[in-house]
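In what follows, a single structure is set out as structure tokens and then discussed.
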Amino acid sequence: MTNYDEALERFHLVDFEYAGGLANHGPMAAQALVDLGHQALIPAFVDRYAPRLPLAARPGRVLAPAEQGPARGDFARVADWVATFEARLAGDDWRACVRETVPPLLPGLFAAAGHGLLRTVHAMRALEREDTALRRRELARGLAY
């Protein structure tokens, strides 16, 4: 397992935001360190950054198709969206899932200061290097955010 994947394991235990609405940049920063050729710096970064992040509140549940429209944009349902996207990505080609999922989400592109899009793109870059369950889970979090 790479330093990046170990970082994802830790960041998947914490919330999307901290300190009243600041975005958790951990997964994105770790992926950027990989692209910059500094994967060895990831553990030290995670050790300093992760402790300031609150634990994720609760696991979510997969949303039924009829629930998805009303739940779109409801940040209180983010854990349910994570579970829904994890289920979608479990067996499908992740690229096909992104092609189907992103267009309906475009009206909310700048919600959370665009961090959903940023986290999604970083996850896609990591998946292009290696397709793993952890990286698919990270993509689910990007899409949910």
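Among the residues that make up the range 34-56, is at least one of them closer than 26 Å to Gly108 by Cβ, out of contact with any strand residue (DSSP E or B) (no Cβ under 7 Å at 6 or more places or on another chain) and either open to solvent by 30 Å² or more (accessible area, probe 1.4 Å) or among the polar types (S, T, N, Q) (or both)?
No - not one qualifying residue is present in the range 34-56.
Can we say Ala113 is free of Cβ contacts under 8 Å to residues at least 12 places away in the same chain, small (Gly, Ala, Ser) and open to solvent by 10 Å² or more (accessible area, probe 1.4 Å)? Step through it out loud before you land on a result.
Values: free of Cβ contacts under 8 Å to residues at least 12 places away in the same chain: no; small (Gly, Ala, Ser): yes; open to solvent by 10 Å² or more (accessible area, probe 1.4 Å): yes.
No: the conditions fail for Ala113.
Please count how many residues of the range 1-31 are surrounded by 15 or more Cβ atoms within 10 Å (Cβ to Cβ) and aliphatic (A, V, I, L, M).
Adding up the residues that qualify gives 7.
When you check Pro59 against the structure, is it closer than 16 Å to Glu138 by Cα and loosely packed, with under 12 Cβ neighbours inside 10 Å, yes or no? Spell out the reasoning first.
Numbers: closer than 16 Å to Glu138 by Cα: yes; loosely packed, with under 12 Cβ neighbours inside 10 Å: yes.
For Pro59, the condition - closer than 16 Å to Glu138 by Cα and loosely packed, with under 12 Cβ neighbours inside 10 Å - is met.
For Arg95, are the conditions met, namely being more than 17 Å from Gly21 (Cβ to Cβ), in contact with a helix residue (DSSP H, G or I) (Cβ under 7 Å, 6 or more places away or on another chain) and open to solvent by 70 Å² or more (accessible area, probe 1.4 Å)? Before the answer, list the steps.
Details: more than 17 Å from Gly21 (Cβ to Cβ): yes; in contact with a helix residue (DSSP H, G or I) (Cβ under 7 Å, 6 or more places away or on another chain): no; open to solvent by 70 Å² or more (accessible area, probe 1.4 Å): yes.
No.
The values are calculated or read from the model by the stated rules, or taken from the named source; none is laboratory data. Values in this document were obtained by computation on a predicted structure and should not be read as measured data. Cβ: placed from backbone, ideal geometry, glycine included. Neighbour counts: every protein chain shown. These area figures cover heavy atoms from the full protein model, side chains too; ligands, DNA and RNA do not enter into them. Shrake-Rupley method; radii C 1.70, N 1.55, O 1.52, S 1.80 Å.
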